[in-house]
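Report on the structure given below.
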Amino acid sequence: MKNILSFLFLALCGTVFSQVSENSNAVNFNILPVRGFCIAAPQSKDVDEFVKFIDEELASRGVNTLILRVDYNYQYESHPELRDSTALSKKEVKKLVAVCSRHSINIIPQVNLLGHQSWAGKTTNLLTVYPQFDETPLVKMPEKYVWPNADGLYCKSYCPLHPEVHKIVFDIVDEICDVFEAEAFHAGMDEVFYIGEAQCPRCSGRDKAELFAGEVRLIRDHLAIKGRKLWIWGDRLLDGKTTGLGEWEASYNNTFRAVDMIPKDVIICDWHYERPDQTAVYFAMKGLSVVTCPWRNPGTAVIQAQDMVRFRKSSTPVMTERYLGIVQTIWSGAGQFLDNYYGRKPENSGNSPVACFKALFTEIQNISGD
Ligand SMILES: [Zn+2]
C-alpha cells in the first residue's frame, strides 16, 4: 500500500513538474545560457527542504546551474580526516543530484582552493589537518579576530608550491565531482590576500600573478583529464587600484596580471554586489567566458541582468558567446536562506538575498518573454 501511495504521489508530482516545465518553455530562457544559483551545500537536516526548494522554486524560474559550496561538508572516503564533524552522506548528495537531473540543472560543486583556508579566528579543515601547507605559518590565528589587523590576515592560503598539497586537494576535487556527477568544478580562489609571501621558503620573491595563474592552470589541467571545466571567482583578475574597486572585489597585490596567463576555457564568476560594474566586458575581451554574480541588492541585480542581455545583443558573435549569463549568490547557510525564503525568519533590511533572487529571476523572465 505504501508503495502504491508513493507511486501515486510521484505520478502527481510528475504532472505538476511537467506543467511547470511546460510553462517555463513558453519563455525563451536561452537569452541567457547560464541562469544560476550559488549557495552553501545544505546541512543534512535541511536536505529535504532544499530538494523541495530546487523542485518548486529553482526549476520553475528556469535556473539551470547550481553552484553548491561543499568544502568539507561531505563524508569524503579518500580523506575522512578532512570531513566536517557533520557532513553530507553519499545518499543525501544523490537526492540533490536526482532532483537537479530531473530538471536539467547542472550542479557545480565548490571546494575553496588556494585562499579561504581560514575564517575569522579559525583555520578550516585542510590547514587544521595539514598545517605544513600553510603559506603563512608565522601568522597565528587570533583569539578574537578583527579587521584590520597587523598581520593583514583576512583568510589563510595554502602554499601553491608545496610538493604534497595537490595530491590531497585533487583527491577531494575528484571525489566531489564524481559524487555530484559534475561536469564542472568551482575552485573559489577569491580574495586571496596571502600569496607569494616572504615567510614562505618556496614562494618568496616570486611573481604573484604567475603563482596565481600557475595554480589556476594546474587545477584546470587536472579537471581537463576527465573533461571537466573549471569555474573561479573573478576578483583576483581585476586591478583594484586602476579600477577603484575595493580590496575584496579586486586585487591590490598584483595578481591581476594573471588574467593574461590563465587558460581561456576557465569560466569567470564576476561578482559585484553593490554597483553593477561592467567588468564582464573586460573578461570577455580577454577571451574568457563570464557570468555576472549579484547577491543582496535587487536593483543592482536587475541592471546586471539587463546589462548581460545587452552585451550579448550588442557584441560580435565571437564575443556574444562569452557572455554566459548570471548567477545569484547566497552567502548565508542554506538553512538560514530557507528560513528567510519560507518566511520563518525575516531578512535584515538592506541585506535581502531572497528579494534579490526573486527580483533577478522575475527580470530574467520578463526579458526572456520579450
Ligand atoms: Zn608558498
query = Are there any helices (runs of 4 or more DSSP H) wholly within the range 193-287 with 3 or more residues that are under 19 Å from the mean Cα position of the chain (by Cα) and within 16 Å of the ligand (Cβ to nearest atom), and if so which?
reply = 208-225
message = Being in a loop (DSSP other than H, G, I, E, B), over 18 Å from ILE39 (Cβ atoms), open to solvent by 20 Å² or more (accessible area, probe 1.4 Å) and touching a strand residue (DSSP E or B) at 6+ places or on another chain (Cβ under 9 Å) narrows it down to one residue among GLU143, GLU175, GLU181; which is it?
response = GLU181
ask   = From the set of residues in the range 160-170 that are farther than 17 Å from THR128 by Cβ and more than 14 Å from the ligand (Cβ to nearest atom), which is most open to solvent (accessible area, probe 1.4 Å)?
value = LYS167
request  = Could you grab the pairs with beta carbons closer than 7 Å, sequence gap of 6+ or different chains, first residue in the range 36-55 and in contact (Cβ under 8 Å) with a residue 12 or more places away in the chain and of a type in the set (Ser, Thr, Tyr), second one open to solvent by 30 Å² or more (accessible area, probe 1.4 Å) and part of a helix (DSSP H, G or I)?
outcome  = SER44/GLU92
message = Tally up the residues in the range 107-121 that are in a strand (DSSP E or B) and surrounded by 17 or more Cβ atoms within 10 Å (Cβ to Cβ), please.
response = 8
query = Can you tell me which of ARG257, ARG236, ARG202 is in contact (Cβ under 8 Å) with a residue 24 or more places away in the chain and closer than 24 Å to THR65 by Cβ?
reply = ARG236
request  = Looking for whichever is in contact with a Gly (Cβ under 6 Å, 6 or more places away or on another chain), modelled with pLDDT of 95 or more and either surrounded by 13 or more Cβ atoms within 10 Å (Cβ to Cβ) or not acidic (Asp, Glu) (or both) here; the options are SER104, SER157. Which one fits?
outcome  = SER157
key: Residues being closer than 24 Å to ASN366 by Cα and open to solvent by 10 Å² or more (accessible area, probe 1.4 Å) - total across the range 63-101   = 1
task = For the range 304-312, indicate whether the set of residues that are part of a loop (DSSP other than H, G, I, E, B) and surrounded by 19 or more Cβ atoms within 10 Å (Cβ to Cβ) is non-empty.
result = no
request  = Please list, ordered by first then second residue, the pairs with beta carbon atoms under 8 Å, 6 or more apart or interchain, first in the range 161-182 and over 17 Å from GLY115 (Cβ atoms), second among the hydroxyl-bearing types (Ser, Thr, Tyr) and in a helix (DSSP H, G or I).
outcome  = GLU181/SER101
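The values are calculated or read from the model by the stated rules, or taken from the named source; none is laboratory data. It should be emphasised that the depicted structure is a prediction, and the values quoted were computed from it without experimental measurement. Backbone-built Cβ (ideal geometry, glycine too); neighbour counts: all protein chains shown. SASA here: full protein model, heavy atoms, side chains in, ligands and nucleic acids out. Shrake-Rupley method; radii C 1.70, N 1.55, O 1.52, S 1.80 Å.
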